[in-house]
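Below is one structure, written out as structure tokens, with a few remarks after it.
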Amino acid sequence: MTQKSKFIPGILLGEFVENIRESLGEGSLIVLCHGVFDLVHPGHIEHLKQAKEFGHVLIVSITGDEYVNKGPGRPFFSESQRSHFVSQLEMVDFVVVSHSPSSVGIIKAIKPDVYVKGEEYSDFEKDDTQKIVLEKEVVESLGGEIKFTTGFRASSTSLLNLSRISMNPEQANWVARVKEKFTLEEILSWLEKLNDVKPIILGEVIIDEYTSCEALGRTSKYPLLAFQKLETKRFPGGSLAIADICSHLCGQTNLVTAIPEDDKLLNEVLHGMSPKFEVLGPKEEKLKLVVKHRFYDLGTSSRVFEYYEFDPRNFKSSSYQVMNHQIKNTEQPLIIADFGHGFFSTEFIKGLCENNSFLCVNTQANAGNRGFNTISKYKRADFIALNGGELELEFREKNLNYTSIVPEIMKRMSANYAIVTLGKKGLIVFGREAQYHEVPILSDRVVDIVGAGDAVFSVASLLAYLHAPLEVIGVAAAVCAAHEISKLGHSRPLSNVDLKRHVKGIFG
């Protein structure tokens, strides 16, 4: 068998497997193993050797890069490198890359006689994701059976963490400092408490539209670069994105906002959101959604052009009355996502600041409001979130000393917590009495930075409401930010289970 024949194109998988069955004849057994295989080690070798003994042909499916859910900076090796490593093993007959968040699609395509997992999956209750239960059901529904290997075990994640080769010195030093103060179990216990939080999100609805294109070249008559338009995708943005993130991390999440009577674009985006999410609030007949259109080069993911559709105006007074009623006297955190597109009137803000709820505020600067949408609009908050550029706008000054400036803002607003995001420099979490904790960026694999601040604001608000330690807030915020920048638009938000898995990947 030539080396090239070991790789199966995913699009031909079903047909390929049928040909294998025909060539082997009746009674032959096809075995399937699925995993990341980020760092092939003796545990993998023993696992695959035993798996091959369960049948005649061993197919290994490798999780594609975009669906590896092991934490920031993972996978360490690309899908092509991982596929190549595994293909070199003598017991492996074929390798295929799975571009899906689970192995269910691959199982349905291959219809294995035996699906093999490691011994650690034999106790279904210990699998936080519960994917093994679904995999077993699918395998058995197709006439196959699931078996488990035994013996030597190891973890690619643990080996990478022990070696620290997946971290730069700043990240490794930060992990060591956090581990000096908190055990992994203590960090995870704070994240588990998120399940009991039921936040209310307040803010304008934004739809983020991404259109891929390919550069054709300079036009012949004008100094313009021409592009070929390709696929368009739409994602929740603004308060919708924040509500979606929160609903995956905690309990029931309600978004209080004003929306159009019937909008096909909004309905399309809402259809794909969490069942723990609900939109509350008035509907306005002539209301227009804020839609941000972004065109990006398919090959590089570089933004080439964008434009906004929005009607910067205040809403009907009756709408504000409805929204005020829905947030009145809530004991849950009230998360204010102010994007500066006209949703928050001066009178509405005044009422919010007089509200006794735990108030989390983020005012964002963007192309539609740059220069006037600053945190000083709000007189009170329990938690505030900003980025370095927004603070520079607030003070009309560059190169700020954040560790002295932010405590001043917190004191002025009576805030107990704050977080400042600094792009490639990471973030800083602030607490009472000018305490702060600096966190490095956890991944340099950037696909799209839009939404990273929303992810930080969301999880940090929830943990601040729980009065979590600054280090725990910093860990969760940095992990969520790293996940958000690794993909295009706001898609596949981290669940609470995913967040804990990523944290285990760093501190386990």
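The values are calculated or read from the model by the stated rules, or taken from the named source; none is laboratory data. Since we're looking at a predicted model, the values are computed, not measured. Methodologically, a virtual Cβ is constructed for each residue, glycine included, from the backbone with ideal geometry; neighbour enumeration extends over all protein chains shown.
For the reader, a short list of remarks on this structure follows.
- Residue count for the range 193-219 under the criterion of being over 30 Å from MET323 (Cα atoms) and either surrounded by 13 or more Cβ atoms within 10 Å (Cβ to Cβ) or touching a residue at least 24 places away in the same chain (Cβ under 8 Å) (or both): the result is 6.
- Failed criterion for LEU287 (all others in (1) aliphatic (A, V, I, L, M); (2) part of a loop (DSSP other than H, G, I, E, B); (3) in contact with a Cys (Cβ under 8 Å, 6 or more places away or on another chain) hold): (3)
- Picking from residues in the range 41-69 that are assigned to a helix (DSSP H, G or I) and among the charged types (D, E, K, R), the one that is modelled with the lowest pLDDT is GLU66.
- On the stretch given as the range 126-155, residues that are in a helix (DSSP H, G or I) and at pLDDT 70 or above total 11.
- Residues being among the small types (Gly, Ala, Ser) and in a loop (DSSP other than H, G, I, E, B) - total across the range 309-363: 4
- The sole residue among SER78, SER61, SER122, SER98 that is in contact (Cβ under 8 Å) with a residue 60 or more places away in the chain, on the phi < 0 side of the Ramachandran plot and not assigned by TED's automatic domain parsing to the domain that holds HIS502 is SER98.
- Residue within the range 12-34 that is part of a loop (DSSP other than H, G, I, E, B), without any contact (Cβ under 8 Å) to a residue 40 or more places away in the chain and under 34 Å from the mean Cα position of the chain (by Cα) present: no
- Check on LYS316, at pLDDT below 90 and more than 16 Å from GLY237 (Cβ to Cβ): yes
- Considering the range 219-241, and only residues there that are hydrophobic (A, V, I, L, M, F, W, C) and under 12 Å from SER274 (Cα atoms), the residue that is nearest to the chain's Cα centre (by Cα) turns out to be ALA241.
- Of the residues making up the range 238-295, those that are surrounded by fewer than 23 Cβ atoms within 10 Å (Cβ to Cβ), in contact with a helix residue (DSSP H, G or I) (Cβ under 8 Å, 6 or more places away or on another chain) and of a type in the set (Gly, Ala, Ser) are GLY251, ALA258, SER274, GLY281.
- Only one of the numbered conditions (1) more than 15 Å from the chain's Cα centre (by Cα); (2) within 16 Å of ARG492 (Cα to Cα); (3) polar (S, T, N, Q) is violated by SER247, and that is (1).
- Where strands (runs of 3 or more DSSP E) fall entirely within the range 398-508, those with at least 3 residues that are modelled with pLDDT of 95 or more, more than 26 Å from PRO236 (Cβ to Cβ) and not β-branched (Val, Ile, Thr) are at 436-439.
- Among (1) over 24 Å from LYS198 (Cα atoms); (2) within 19 Å of the chain's Cα centre (by Cα) - the single one VAL459 does not satisfy: (1)
- Flag not set for THR300, criterion: in contact (Cβ under 8 Å) with a residue 60 or more places away in the chain and part of a loop (DSSP other than H, G, I, E, B).
- LYS52 on the phi > 0 side of the Ramachandran plot and charged (D, E, K, R): no
- SER302 satisfies every condition listed in (1) surrounded by fewer than 16 Cβ atoms within 10 Å (Cβ to Cβ); (2) assigned by TED's automatic domain parsing to the domain that holds VAL361 except (2).
- Candidates GLU268, GLU214, GLU278, GLU306, filtered to the one that is at pLDDT below 95 and part of a helix (DSSP H, G or I): GLU268
- Residue that is surrounded by the fewest Cβ atoms within 10 Å (Cβ to Cβ), among those in the range 334-356 that are among the small types (Gly, Ala, Ser) and in contact (Cβ under 8 Å) with a residue 60 or more places away in the chain: GLY342
- The lone exception for VAL178 - which of (1) hydrophobic (A, V, I, L, M, F, W, C); (2) out of contact with any Asp or Glu (no Cβ under 6 Å at 6 or more places or on another chain); (3) over 30 Å from SER302 (Cα atoms); (4) crowded, with 19+ Cβ neighbours inside 10 Å it fails: (2)
- Number of residues in the range 456-483 that are farther than 12 Å from PHE383 by Cβ and touching a Pro at 6+ places or on another chain (Cβ under 8 Å) equals 4.
- Residue match in the range 156-172 (condition: at pLDDT 90 or above and either touching a His at 6+ places or on another chain (Cβ under 9 Å) or part of a helix (DSSP H, G or I) (or both)): yes
- Qualifying residue in the range 220-234 (condition: in contact with a Phe, Trp or Tyr (Cβ under 8 Å, 6 or more places away or on another chain), assigned by TED's automatic domain parsing to the domain that holds ILE200 and either surrounded by fewer than 19 Cβ atoms within 10 Å (Cβ to Cβ) or in a helix (DSSP H, G or I) (or both)): no
- Unique match (being closer than 17 Å to LEU386 by Cα, polar (S, T, N, Q), assigned by TED's automatic domain parsing to the domain that holds ILE428 and touching a residue at least 12 places away in the same chain (Cβ under 8 Å)) among SER461, SER495, SER491, SER486: SER461
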